[in-house]
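Notes follow once the structure below has been shown.
Derivation of every value follows stated rules applied to the coordinates shown; laboratory data play no part. Quantities reported herein were computed from a predicted structural model and do not represent experimental measurements. Virtual Cβ from ideal backbone geometry, glycine too; neighbours counted across all protein chains shown.
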Amino acid sequence: MTDDQPRRVFAPDFLTELFRNPLDPGYAEAAARKAVEGDPTGPRKWARSGLAAITLVGLGFLFVVAYQQTVADEPARTKARAALIEQVQSRRDLTDQLQQQADKLGDDVAGLRERELGGATVARLRDLEAATGLAPVKGDGARVRIGDGPTPINPVTGERNTAARVKDTDLQLATNALWSLGAEAITINGQRLTATSTIRQAGEAVLVDFQPVTTPYEVVAIGPDDLAKDFDDGYAGRFFKELVAKYGMSFDASGVHDVTLPAATELKLRVAEPSPSPSTSLSASSSPSEGGR
Amino acid sequence: MIAVIALVAGIALGIVFHPTVPLALQPYLPIAVVAALDAVFGGVRAKLDGIFDDKQFVISFIANTLLAALIVYLGDQLGVGGQLSTGVVVVLGVRIFGNVAAIRRHLFRA
């Protein structure tokens with residue numbers, strides 16, 4: 001730094017200074033020095049130019065590396081996603097395949113059973129399967145529709161008022177009422193209930209046998225002809241009508257004709273004992289129910 | 001002219017060699033790029049002002065990059081890496097902006 005130039009004072013307001021004079025003050029100083037001493041000549045000049053050129057090479061290199069790094073980072077994320085999606089897809093296909101295989105084997109077993117056992121035994125077995133939820137059943141019965149009421153958002157707190165949501169206990173009450181009125185088979189949104197089915201709440205979702213079901217809930221039951229009327233008039237009907245009046249939930253019970261209820265997707269055999277009579281080799285006694293019934 | 005050729009040569013080298021950045025150095029890459037951009041625009045502006053100086057350019061680039069990296073490193077160690085990076089980016093960003101504005105005035109007289 002030369003003496004004739006005013007000494008550079010760093011103002012306390014560094015940012016203002018930065019905005020006012022963004023160029024590195026070194027350039028001005030170097031220019032002033034040059035004005036006094038003259039341009040460097042000969043090898044020194046060349047060395048400096050070479051150094052600057054090398055720095056610029058490094059700069060270009062740096063830019064490219066940074067660019068490539070940024071570009072490489074992005075696909076890494078999408079790649080992971082795509083791989084996950086692919087995995088899900090392949091597993092799903094595998095599940096479908098296995099399900100088909102299981103269905104085929106199930107048919108084989110049924111055919112063999114029919115051949116080996118007599119007609120009467122098979123009929124008895126079928127009745128048992130239908131009653132336990134292992135086989136699809138067809139018949140007349142009742143359809144109960146229960147839907148969530150309005151869930152307004154509080155404008156002040158932003159919280160959703162979920163009082164009018166259908167709870168697991170509501171569905172439990174409906175199914176229990178149907179069972180007690182003589183229903184032989186029940187589904188909730190197509191999920192067949194068995195002796196060990198569960199209807200539970202997990203957060204805001206209702207799980208039937210660990211499968212989420214959503215509003216509107218359609219409980220279909222096969223049973224006596226006046227099942228719907230009995231349900232509507234019984235304690236369950238009164239309960240739901242009160243919910244309708246109080247919370248604006250929707251409720252409707254009507255008779256249905258000739259509906260087919262699917263078999264339960266999964267029935268875990270927990271306890272099995274050999275039947276006292278040797279001719280019927282299959283008898284399952286389920287452990288106490290966990291809910292729903 | 002030499003500067004542009006050198007810059008293009010560096011880009012070509014980067015494309016040819018396609019280096020992978022070690023994981024430990026990756027947090028410093030964006031800061032290094034911002035410091036490099038600051039040096040480049042400062043140099044261009046100085047050139048247009050007619051006061052470009054090779055030595056000043058080289059030293060300011062290396063020093064700024066190292067200082068920025070050091071600040072980020074210190075911030076990481078202290079647990080305020082993000083905030084200090086922001087500080088570095090703000091300061092360098094302001095300088096880049098000011099210098100580009102000056103370059104614009106030089107080129108377009110506006």
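Structure summary
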read-out	value
Dipole magnitude of the protein assembly as shown about its Cα centre (Cβ charges: Lys, Arg +1; Asp, Glu -1), debye to nearest 20	1840 debye
Candidate lysines for bridging to A:K246, where Cα separation is under 26 Å - those fewer than 8 sequence places away on the same chain excluded	A:K167, A:K229
Those lysines that a straight Cα-Cα span of less than 20 Å connects to A:K104, excepting residues fewer than 8 apart in one chain	A:K268
Surface/4 estimate of mean projected area, convex hull on alpha-carbon atoms of region A:131-176, nm²	4.9 nm²
Most mobile of A:D140, A:D24, A:D258 in a GNM of chain A (Cα contacts under 10 Å)	A:D24
Pairs of alpha carbons in region A:139-261 whose separation is greater than 20 Å (percent)	41 percent
Where trypsin sites (Lys or Arg not before Pro) fall in DSSP loop in region B:8-110, at most 14 other Cβ within 10 Å	B:R109
Hydrodynamic radius by Kirkwood, which averages 1/r over all alpha carbon pairs of the protein assembly as shown, in angstrom	29.5 Å
Sorted by Cβ density within 10 Å, fewest first, the residues B:F108, B:F52	B:F108, B:F52
Under 26 Å from A:K34, Cα to Cα: lysines that are on another chain or at least 8 residues apart	A:K45, B:K47, B:K55
Positive-end residue of A:N154, A:W179, A:A195, charge dipole of region A:139-261 with Cβ unit charges	A:N154
Footprinting exposure proxy for A:Y247, B:Y28 (fewest neighbouring C-beta atoms within 10 Å first)	A:Y247, B:Y28
Taking A:V109, A:V259 and counting other C-beta atoms within 10 Å, the order from fewest to most	A:V109, A:V259
Cα-only Debye scattering, chain B: base-10 log of I(q)/I(0) at q = 0.09, 0.10 Å⁻¹	-0.29, -0.35
